[in-house]
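Each remark here refers to the structure printed beneath this line.
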Amino acid sequence: MSTCLKILVLHGPNLNLLGTREPEIYGTATLADIEIHLIELAAQSEAEVMNFQSNCEGELIDKIHETKEEIQGILLNPAALTHTSVALRDALMATDLPVVEVHLSNTYQRETFRHHSFISDIAVGVICGFGPSSYLLGLQGLLEYLRGE
């Protein structure tokens, strides 16, 4: 019998603009499209996702703090905060929950400053470069990790 796992999905700055922001890099799928697919995949996997997007670092950190007792893992696209936020890293570490970092683009094919992540070394996995599928692959991997598969 499977337990219904709850996963917090955090979307960082500017991801609310998906579908119109630099479609040559990020594609044409909107954040709403991605969230629908995550909800569907979670339901098929007897899990639940809580999606949250903010352009404010503090709001993302507050959401981690607010939900840490009711979730079993975090799927995170920190967006530009990947390369700048020690505070986000500290909040994730304070939860002692598994985190999977995802990115729509392959950050290693982009500007050099995007090659460093403050999150990757504390994440159980990192997926980048597969567009919206990065989220789905990340969720699948996180659920398998949590179930010991």
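Laboratory data are not the source of any read-out in this text; all were calculated from the coordinates shown. Please read all numbers here as calculations on a predicted model, not as lab measurements. Cβ coordinates were reconstructed from backbone atoms using ideal geometry, including for glycine residues, and neighbour counts include every protein chain displayed.
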Positive dipole terminus of the chain, leading residue within 129, 78, 8 (C-beta point charges): 129
Cα→Cβ-extended label distance, 7 Å offset, between residue 145 and residue 120, nm: 1.5 nm
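Normalised by the residues of the range 31-149, what does the relative contact order come to in percent, with Cα pairs under 8 Å and at least six apart? The partial results should precede the final answer.
Working: 146 pairs, mean separation 30.2, N = 119.
Relative contact order for the range 31-149 comes out at 25 percent.
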Distance histogram in 5 Å bins (all Cα pairs of the chain, percent per bin): 2, 10, 21, 25, 22, 14, 5, 1, 0, 0
In the range 62-93, the GluC sites (Glu not before Pro) that fall in loop regions by DSSP, at most 12 other Cβ within 10 Å: 69, 70
Charge dipole magnitude, Cβ of K and R +1, D and E -1 - the chain, Cα centre, debye nearest 20: 280 debye
Dipole of the chain, positive direction: furthest Cα of 94, 34, 119, with charges on the beta-carbon: 119
